[in-house]
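I have placed the structure first, in the form of structure tokens, so that the comments after it can refer back to it.
No value in this document is a laboratory result; all are computed from the given coordinates. Keep in mind that this is a model prediction, so the values were computed, not measured. In this analysis, Cβ positions are derived from the backbone assuming ideal geometry, glycine residues included, and neighbour counts consider all displayed protein chains.
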Amino acid sequence: QKEVEQNSGPLSVPEGAIASLNCTYSDRGSQSFFWYRQYSGKSPELIMSIYSNGDKEDGRFTAQLNKASQYVSLLIRDSQPSDSATYLCAVNRGRDDKIIFGKGTRLHILP
Amino acid sequence: GAVVSQHPSRVICKSGTSVKIECRSLDFQATTMFWYRQFPKQSLMLMATSNEGSKATYEQGVEKDKFLINHASLTLSTLTVTSAHPEDSSFYICSARGGQGTDGYTFGSGTRLTVV
């Protein structure tokens, strides 16, 4: 089983709609969870971090964490064409706290 | 916010030569830096952890003699790809945990290595 799994997409969402990105992880010792956005040819940039069960909102972004289900998600409201990118889910590895990434989900916002 | 500077951004080298990539934390001290590699349309794969003043730790399957890491100061880590081959062509990215008050990990801008 892969440590961090994401649907590779592409996920196509109309402009103005809600984009929902999902991620599951295998390490029950993981305590830190991150969502990064990566444009083609660029390095990742942090969008959200979440450490506790529940929702965390920041502007148009909401991260959701369910440790019992080993599931973390990212919602993007009022999607904009500039949101088109690859979204990487990242999780700390319980045994050494290093950050492991999923393969990413390609999001395409349709104008 | 925390800034990590990575150089060069692009490099083309001949097969068999060595290439050095630098990663600097500009406004904070980073006792630990991480080196990742990303192939096209693939995720970031952790290669090794660079520890200031001590040996780097490598992930399983990563050749430590091929990917030399030096972390001589609290703000600088270098990755040297030795005897590069075309299969080493990839996007190499460093990261560090940001300074006090910074959430998450900050990434350098990445180095696109092409071995011809």
Averaged over the residues of B:27-38, the number of partner chain Cβ atoms within 10 Å of each residue's own Cβ comes to 1
For the protein assembly as shown, build the charge dipole from Cβ charges (+1 Lys, Arg; -1 Asp, Glu) around the Cα centre, then report which of A:I99, A:G54, B:T57 sits farthest towards its positive end. B:T57
For a label point 7 Å along the Cα-to-beta-carbon line of A:N22, residues of segment A:36-60 with backbone N under 20 Å: A:36, A:50, A:53-56
Can you list the lysines whose alpha carbon is less than 16 Å from that of A:K56, not counting same-chain residues fewer than 8 positions off? A:K67
Shielding by partners, peptide A:102-108 (average Cβ within 10 angstrom, other chains): 2
Taking the highest mean first, how do the peptides B:28-40, B:65-77 order by number of other beta carbon atoms within 10 angstrom per residue? B:28-40, B:65-77
Dipole in debye (nearest 20) - the protein assembly as shown, about Cα centre, beta carbon charges: Lys, Arg +1; Asp, Glu -1: 420 debye
For chain B, give the magnitude of the charge dipole about the Cα centre (Cβ charges: +1 Lys/Arg, -1 Asp/Glu; no others), in debye to the nearest 20. 240 debye
Note down the net charge around B:E59, summing +1 for each Lys or Arg and -1 for each Asp or Glu among other residues with Cβ under 11 Å from its Cβ. +2
Cysteines (scope chain B) whose Cβ has no counterpart Cys Cβ under 4.7 Å: B:C13
Plugging the Cβ-Cβ distance of A:Q31 and B:F39 into 1/(1 + (r/R0)^6) at R0 = 30 Å yields, to the nearest 0.05, a FRET efficiency of 0.55
Under 1.5 on a/c is rounded, so check that first for segment A:39-97, then, if it is not, pick prolate when a/b is larger than b/c and oblate when it is not; a ≥ b ≥ c are the square roots of the alpha carbon gyration tensor eigenvalues. oblate
Which lysines does B:K14 reach when only Cα atoms under 25 Å apart count, and residues fewer than 8 places away in its own chain are ignored? A:K42, B:K41, B:K64, B:K66
Quick one: if the Förster radius is 30 Å, what FRET efficiency do A:S52 and A:K2 give, using the C-beta to C-beta distance and rounding to 0.05? 0.80
May I ask for the net charge around B:D88, where only other residues with Cβ less than 14 Å from the Cβ of B:D88 are counted and Lys, Arg are +1 while Asp, Glu are -1? +2
Expressed as a whole number, the average count of other chain Cβ atoms within 10 Å around the Cβ atoms of B:90-97 is 2
